[in-house]
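Notes for the one structure printed next.
The values are calculated or read from the model by the stated rules, or taken from the named source; none is laboratory data. The structure presented is a predicted model; accordingly, all values stated were derived computationally and were not measured. Here the Cβ positions follow ideal geometry from the backbone for every residue, glycine too, while neighbour counts run over all protein chains shown. Just the protein is used for accessible areas: all its heavy atoms, side chains included, with ligands, DNA and RNA removed. Shrake-Rupley method; radii C 1.70, N 1.55, O 1.52, S 1.80 Å.
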Amino acid sequence: MTAKPLNIYDLTRPELSDLLVSLGVNPAHTGRVWRYLYWECVQQFSAMEAVPARVRAALASHATLGVLPTTLETDSSDGYTRKYLLGLHDDERIETVLMRFTGRVTACISSQVGCAMGCVFCATGQMGYTRHLTVGEIVAQAVHVQRTLRAENHRLRNIVLMGMGEPLHNFDAVMKAIDICTDGTGLGLAADRITLSTVGVVPGILRLAREQRKAFHLAVSLHAATQAERAAIVPAARKWPLDELMAACRTYSETTGRRIFYEWTLIEGKNDSPEHARAVGRLLDDLPAQVNLIPLNPTQGYDGTPTRSEAARKFQDVLIHEFGIPSTVRQRRGIDIAAGCGQLAVAEKQGLGF
Ligand code: SAH
Ligand code: SF4
């Protein structure tokens, strides 16, 4: 199946208005169509009942409504995490996760099919890179989650770009998708409820520092505090060395006035000792920073084990008591549905029966 060229989810509201004009339709219909797309989360143009039939027909003949079908849906046993495997027009699959812990409803969204960065412990990295997602495919994931929540009288409040892929490798599409998701008359997410996580694509971070963007949060995946240790688990560090990455982070924080979240996947015996924590502390000492510790989610292609909670607590103690750096440990909920990045897609391909 080939996709029609225009996916309506690719468009900002002004662009939708332009499309209507180009179809000979009064642009005054823009607001209503937009509302159907992002409030009602309709799945077909024909469901836009208050939009005149000829407008719906014009839209349907020139654009697709790029709803992504669910090919697999699983709930974690504790009920806090729902994972969707969504199908794309070229038969590829991406993961989107709905998380409901710590009193927050959050969608974890993918930016690419696979990933080119090759982090050794990451299921997405292990599968390699296939392609970028389009703007519409990124937006459609948020709409998918919002549709579920709407049925329960809830609203999507938070997005983390921490699913499959490296968002700053797909910079333009991701930025436009954020613009669409933060449109106040649509999904209406507050920019500061969106977190973009990057492996450390230095030119992308510098571009964020340079350009006036919506004030979303930036998270940088560190995992190691020396160049040699980092390059061994994060191959992208060979292209963008640690000193250049830290210089870019400093520029970003100085120009935007914003603190960066630094992510650290805790791997037993590898990067989880108090000495490692001290190295992180020294690296981040004079930067506005918070550290997010993520105990390793075991994957088939990597034989590391997650750090135990006692060692994670000691790591946190060093950061806060010796360096004044706050940190959190991400809860490993949803692990029974392979909720680690890319793991469900791998499981489906291998017929593991999730
Ligand atoms: N590509 C981006 C965003 C997606 S990954 C990035 O790397 O930042 C989101 C976070 O999950 C990253 O910090 C990543 O290192 C981490 N991660 C990936 N696989 C993991 C695993 N198996 N266990 C624990 N954390 C993992
Ligand atoms: Fe890509 Fe992020 Fe996975 Fe690394 S951790 S391979 S950058 S998705």
Selected residue [in contact with a strand residue (DSSP E or B) (Cβ under 7 Å, 6 or more places away or on another chain) and more than 8 Å from ligand 2 (Cβ to nearest atom)] from Asn158, Asn153: Asn158
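For the structure I just gave you, tell me whether Ala107 is open to solvent by less than 10 Å² (accessible area, probe 1.4 Å) and in a strand (DSSP E or B).
yes
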Complete set of residues in the stretch 121-136 that are within 16 Å of ligand 1 (Cβ to nearest atom) and either open to solvent by less than 50 Å² (accessible area, probe 1.4 Å) or touching a residue at least 40 places away in the same chain (Cβ under 8 Å) (or both): Phe121, Cys122, Ala123, Thr124, Gly125, Gln126, Met127, Gly128, Arg131, His132, Leu133
Looking only at the stretch 163-212, and only at residues there that are under 13 Å from the mean Cα position of the chain (by Cα) and more than 16 Å from ligand 2 (Cβ to nearest atom), the one that is surrounded by the most Cβ atoms within 10 Å (Cβ to Cβ): Ala177
Count of residues meeting criterion [surrounded by fewer than 17 Cβ atoms within 10 Å (Cβ to Cβ) and either farther than 22 Å from Asp285 by Cα or within 16 Å of ligand 1 (Cβ to nearest atom) (or both)] in the stretch 213-256: 8
Checklist (1) free of Cβ contacts under 8 Å to residues at least 40 places away in the same chain; (2) assigned to a strand (DSSP E or B) applied to Leu86, failing item: (1)
Test: residue in the stretch 104-117 that is of a type outside the set (Phe, Trp, Tyr), out of contact with any strand residue (DSSP E or B) (no Cβ under 6 Å at 6 or more places or on another chain) and without any contact (Cβ under 8 Å) to a residue 60 or more places away in the chain: yes
Strands (runs of 3 or more DSSP E) wholly inside the stretch 157-243 containing at least 2 residues that are free of Cβ contacts under 8 Å to residues at least 40 places away in the same chain and assigned by TED's automatic domain parsing to the domain that holds Phe315: 194-198
